[in-house]
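Here's the structure we're looking at; comments come further down.
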């Protein structure tokens, strides 16, 4: 008999998906170029040519091992390449054994939750957060606790975090640069967080982990570097993916990097190997795993996202929106012009402007703008945005 | 704090892995060509050239979509290609919606267990079975029930199966051709099984599923075709992989095919989409998914496995082993020459013959021979095998 829990979930359609489907359907009527679809976080820039070249070369030079099984804990060469790159870049003494290749950041997170949490424990999310997290965590047996948004800066409300952490807290899940706000957690935030977690870990007599979800690490603005969470807190598992940085989300490739200073660092890889068996994973596809190892210093041309961000940010602010300036990603999260962001987004649809209300991200009253679209389209959307705000809200 | 359940699992080293490591270490001493390593089910033939060619062409002809996200339920074109091929081949009216691409058979099974089983229910395994199954199933909340081996034919002990099935039975997991025995379940066996399951389903008032794990479907001997389980029983989820048929286990690509006549067939795909979220899956890597779709009628040259089987089967029988003749795969499972197969396999090590005792496969007293090795090596191993049996067991 089909599993009734999952069957019941079929009813809960993703709002993002629904709006995206609206945009696609509307595109069929008026031409997709005329629909200002800001719904999906799907990279709009091509993969770099060198990535394509490496894939072709790997196949051409296959010595018979390219399509073979990898060792349970991943290809040693690739683990070493990633460790070397992270060590050089962030000054943390990663070794190959600290790197666990996975099929993207989703798989990295699936392993990380289970590695540092035991059913009955809690995991803390900082709102606004990626709307899929609760569904990802549900079958782990961990309970989700939510720190409400700091709407002023989209940093962390430490007053609430301190109240929420308790003896059952296994980990806090961070995502910086952040989906949906585009915010980068500052060094100050990360230091303060590390202090709090150290204090609480001592109080409760067990380690509390940070799971740091960093697929947007390479998309930062204003020439700044994103502070690396693991540099501030030893008990950190860093989850990474090439989905955004290489513009290759369909390739499903990424890794967990275990801070060598974290609790049980040397057995965290084998632990994740055990977890793989139970959730039907195995090493990620060999060809893209090898490409990841060779291209640790390469990204797609990500500059378009900053161009788009500036165009939109300036216009939103000029119209009078409350809005925190993003430090990275291809998202921003302005406050809607009425309390009900769902109503706001519905009214925008009449102008073929498709935004996602913040409710699913635990940010009611706000909406997410995913600007991984052609700059030309962003430019065409701006007068439409002004017209919408003027006609509907008198702004 | 690290998850203690998984930490405890680290102690339980896989016997197969340990023996394989012995073989590798011994290979460093005397040359790996002199170690008769029959431990691992790692395909020994190369992928077909056309598979390599397709991968290169896919990259060369990328229109910008090759590395992009697939829809949640998989690439429609590929789903259609697989449905067409299965429909043509087995006469079952599969449509695209019945195909759910996954990262290999391991991932296919992880989705299938969860789709048709609810925590608290039971899943039946037919011994001997692939030693990883219990670890795969453990986190699903399903309880494993085991039908003891039919040592005479390695078919199914229906007397025991009938006793074991009860109102909590969600599914029976079949693997034909079988790892570790190489046995193919006959049409007679499958008909009898279907009759029994129909009767029991009616008795308990709910459907009972077959999860049919078929990575070895294309490796069959004596010119025979493997009976297709779903042709005999409507409530069947077929789990497939290119690991063995295409000799590409590192590529992690396969699918679940949902019998269109099964319960809730049309929502089984969306159900598995929901399951993916919770276990960190997403669509499998796009490039190998597309290659799978294009090459549904292609396999590697699998004939070497039959050559190896015949050499080993004839020799084992000639020496006097009890042994069921395999119908497919690259495994066989003779009875050891003493009651304790672990002791038998240890004694064989002195002759650099590396076999896996059957205990982990729920077949104590037997041992598995994985003959996915070079034929030349098989030939060299035969006199050594005779010498071992003569010197140690007087055979």
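The values are calculated or read from the model by the stated rules, or taken from the named source; none is laboratory data. The model shown is predicted, which means the values in this text are computed figures rather than measured ones. Positions of Cβ are backbone-derived with ideal geometry, glycine not excepted, and every protein chain shown enters the neighbour counts.
Structure notes:
- For the range A:363-382, the set of residues classified as more than 24 Å from residue A:303 (Cβ to Cβ) and buried (at least 21 other Cβ atoms within 10 Å of the Cβ) consists of A:363, A:366, A:367, listed by residue number.
- In this entry, residue B:238 passes the filter for residues that are under 16 Å from residue B:89 (Cβ atoms), touching a helix residue (DSSP H, G or I) at 6+ places or on another chain (Cβ under 8 Å) and buried (at least 23 other Cβ atoms within 10 Å of the Cβ).
- Of A:180, A:139, all but one fail to be touching a helix residue (DSSP H, G or I) at 6+ places or on another chain (Cβ under 7 Å) and without any contact (Cβ under 8 Å) to a residue 12 or more places away in the chain; the exception is A:139.
- Within the range B:61-74, being touching a helix residue (DSSP H, G or I) at 6+ places or on another chain (Cβ under 6 Å) and either part of a helix (DSSP H, G or I) or closer than 18 Å to residue B:242 by Cβ (or both) holds for one residue alone: B:70.
- Test set (1) surrounded by fewer than 21 Cβ atoms within 10 Å (Cβ to Cβ); (2) under 27 Å from residue B:289 (Cα atoms) - residue A:276 fails condition number: (1)
- Of the criteria (1) over 30 Å from residue B:364 (Cβ atoms); (2) free of Cβ contacts under 8 Å to residues at least 40 places away in the same chain, which one residue B:93 fails: (2)
- Yes/no for residue A:365 being in contact with a strand residue (DSSP E or B) (Cβ under 8 Å, 6 or more places away or on another chain), at pLDDT 95 or above and at positive phi: yes
- The single condition from (1) outside any helix (DSSP H, G or I); (2) more than 11 Å from chain B (Cβ to nearest Cβ); (3) surrounded by fewer than 19 Cβ atoms within 10 Å (Cβ to Cβ) that residue A:118 fails is (2).
- Residues in the range A:114-136 that are touching a residue at least 24 places away in the same chain (Cβ under 8 Å) and more than 24 Å from residue A:368 (Cβ to Cβ): A:114, A:115, A:116, A:117, A:118, A:120, A:121, A:122.
- Condition met for residue B:88 (outside any loop (DSSP other than H, G, I, E, B), under 30 Å from residue B:266 (Cα atoms), more than 11 Å from chain A (Cβ to nearest Cβ) and free of Cβ contacts under 8 Å to residues at least 12 places away in the same chain): yes
- Apart from one condition, residue B:30 fits all of (1) away from chain A (no Cβ under 13 Å); (2) buried (at least 17 other Cβ atoms within 10 Å of the Cβ); the exception is (2).
- Residue ID - modelled with the lowest pLDDT, chosen from residues in the range A:331-357 that are more than 18 Å from residue A:382 (Cα to Cα) and touching a helix residue (DSSP H, G or I) at 6+ places or on another chain (Cβ under 8 Å): A:342
- Selection from the range B:121-140 of residues that are over 17 Å from the mean Cα position of the chain (by Cα) and facing chain A (nearest Cβ under 9 Å): B:121, B:138, B:139, B:140
- Qualifying residue in the range A:183-202 (condition: away from every other protein chain (no Cβ under 14 Å), in contact with a helix residue (DSSP H, G or I) (Cβ under 7 Å, 6 or more places away or on another chain) and within 25 Å of residue A:312 (Cα to Cα)): no
- The condition of being at pLDDT 95 or above, farther than 21 Å from residue A:155 by Cβ and either away from every other protein chain (no Cβ under 14 Å) or crowded, with 23+ Cβ neighbours inside 10 Å (or both) does not hold for residue A:328.
- Within the range B:75-85, if we keep just the residues that are surrounded by 18 or more Cβ atoms within 10 Å (Cβ to Cβ) and in a helix (DSSP H, G or I), the residue that is farthest from the other protein chains (Cβ to nearest Cβ) turns out to be B:83.
- Subset of the range A:5-23 [within 24 Å of residue A:330 (Cα to Cα) and surrounded by 15 or more Cβ atoms within 10 Å (Cβ to Cβ)]: A:14, A:15, A:16, A:19, A:20, A:22, A:23
- Considering each residue of the range B:235-248 in turn, none proves to be at pLDDT 95 or above and in a helix (DSSP H, G or I).
- If you go through the range B:97-107 and pick out every residue that is part of a helix (DSSP H, G or I), more than 8 Å from every other protein chain (Cβ to nearest Cβ) and either out of contact with any helix residue (DSSP H, G or I) (no Cβ under 8 Å at 6 or more places or on another chain) or buried (at least 24 other Cβ atoms within 10 Å of the Cβ) (or both), you end up with 2.
- Leading residue by the ranking (farthest from residue A:353 (Cα to Cα)) among those in the range A:36-51 that are in a loop (DSSP other than H, G, I, E, B) and within 10 Å of chain B (Cβ to nearest Cβ): A:47
- Every listed requirement among (1) within 21 Å of the chain's Cα centre (by Cα); (2) crowded, with 18+ Cβ neighbours inside 10 Å; (3) within 7 Å of another protein chain (Cβ to nearest Cβ) is met by residue B:67 save one, (1).
- Scanning the range A:222-229 for any residue that is out of contact with any strand residue (DSSP E or B) (no Cβ under 8 Å at 6 or more places or on another chain), modelled with pLDDT under 95 and within 23 Å of residue A:261 (Cβ to Cβ) turns up at least one such residue.
Per-residue answers, yes or no, for (1) closer than 30 Å to residue A:276 by Cα; (2) touching a strand residue (DSSP E or B) at 6+ places or on another chain (Cβ under 6 Å):
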position: B:132; (1), (2): yes, no
position: B:142; (1), (2): yes, yes
position: B:146; (1), (2): yes, yes
position: B:158; (1), (2): no, no
position: B:163; (1), (2): no, no
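- Residue check, residue B:72 at the interface with chain A (Cβ under 9 Å from one of its Cβ atoms) and surrounded by fewer than 19 Cβ atoms within 10 Å (Cβ to Cβ): yes
- Members of the range B:1-35 that are more than 30 Å from residue A:268 (Cα to Cα) and not in a helix (DSSP H, G or I): B:31, B:35
- For residue A:111, the stated conditions do not hold, so it cannot be described as more than 9 Å from chain B (Cβ to nearest Cβ), at pLDDT 95 or above and either more than 30 Å from residue A:331 (Cβ to Cβ) or touching a helix residue (DSSP H, G or I) at 6+ places or on another chain (Cβ under 7 Å) (or both).
- Filter result (in contact with a helix residue (DSSP H, G or I) (Cβ under 6 Å, 6 or more places away or on another chain) and more than 8 Å from chain B (Cβ to nearest Cβ)) within the range A:1-25: A:15
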